[in-house]
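The values are calculated or read from the model by the stated rules, or taken from the named source; none is laboratory data. Everything quoted here is computed from the prediction, not taken from an experiment. No Cβ is skipped: glycine too gets one built from the backbone with ideal geometry, and neighbour counts run over all protein chains shown.
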Amino acid sequence: MEARIRGYRDLQVWQRAMLIAERTYFLSRTFPKEEQFGLTSQARRAAASVAANIAEGYGRGTRPAYASFVRIAQGSLKELETHLLLAERVGVAAPGSTKEILSEADGLGRMLRVLLTKLASSPKP
C-alpha cells in the first residue's frame, strides 16, 4: 500500500534533499575559516536550494510550475556537486570527505529525473 502524500515533507525526494543539505552543512563546518564567504557559503546555498525548490514547486499547485522548480532543483544539485568537487580539488575539503554526499546527490538526481517524467506524463497532481 502506498503512503498518502499530504505535503512536500512527505516526498522522499524532498527528504533526501534535506539530508544532503544537512550533510553539506556538517561537512562545510570543517572548511577553513577563510572559505566562509567562498566555497562554504556557495555549497550551503546550493544544497539548501535543492530542497527549497522542490518544496516551492510542490506548493505552486500546477504541474508545469512544479516541473519548472524541479528543473531548478536539478541545477542546484549539479551546482552543489561542482562546489564539493572543487573544494576537494583545492584542498578545502579533506580527500574523500565529499564521497558520501556526492553518492547521495547522484541518487537524488535520478529521483528528480523520474519525478520530472511522472509530472510530464501524469494527468493529475
> Any idea how many residues of the stretch 26-58 are modelled with pLDDT under 95 and small (G, A, S)?
Replying inline: 1
> For the stretch 52-111, how many residues are in contact with a Gly (Cβ under 9 Å, 6 or more places away or on another chain) and of a type in the set (V, I, T)?
Replying inline: 3
> How about the stretch 79-112: which of its residues are within 21 Å of Y8 (Cβ to Cβ) and free of Cβ contacts under 8 Å to residues at least 12 places away in the same chain?
Replying inline: R110
> Among all residue pairs at least 6 apart or on different chains, which show Cβ distances below 6 Å where the first residue, located in the stretch 38-53, is free of Cβ contacts under 8 Å to residues at least 40 places away in the same chain and the second is surrounded by fewer than 20 Cβ atoms within 10 Å (Cβ to Cβ) and of a type in the set (D, E, K, R)?
Replying inline: A46/E79
> Any chance the stretch 7-27 includes a residue that's of a type outside the set (S, T, N, Q) and assigned to a loop (DSSP other than H, G, I, E, B)?
Replying inline: yes
>> Tell me whether the stretch 53-72 contains one or more residues that are surrounded by 16 or more Cβ atoms within 10 Å (Cβ to Cβ), on the phi < 0 side of the Ramachandran plot, outside any loop (DSSP other than H, G, I, E, B) and among the basic types (K, R).
In response: yes
> Could you count how many residues in the stretch 78-125 are in a helix (DSSP H, G or I) and within 18 Å of A21 (Cα to Cα)?
Replying inline: 25
> In the stretch 81-101, what residues are within 13 Å of the chain's Cα centre (by Cα) and either more than 16 Å from A43 (Cα to Cα) or surrounded by fewer than 16 Cβ atoms within 10 Å (Cβ to Cβ) (or both)?
Replying inline: T82
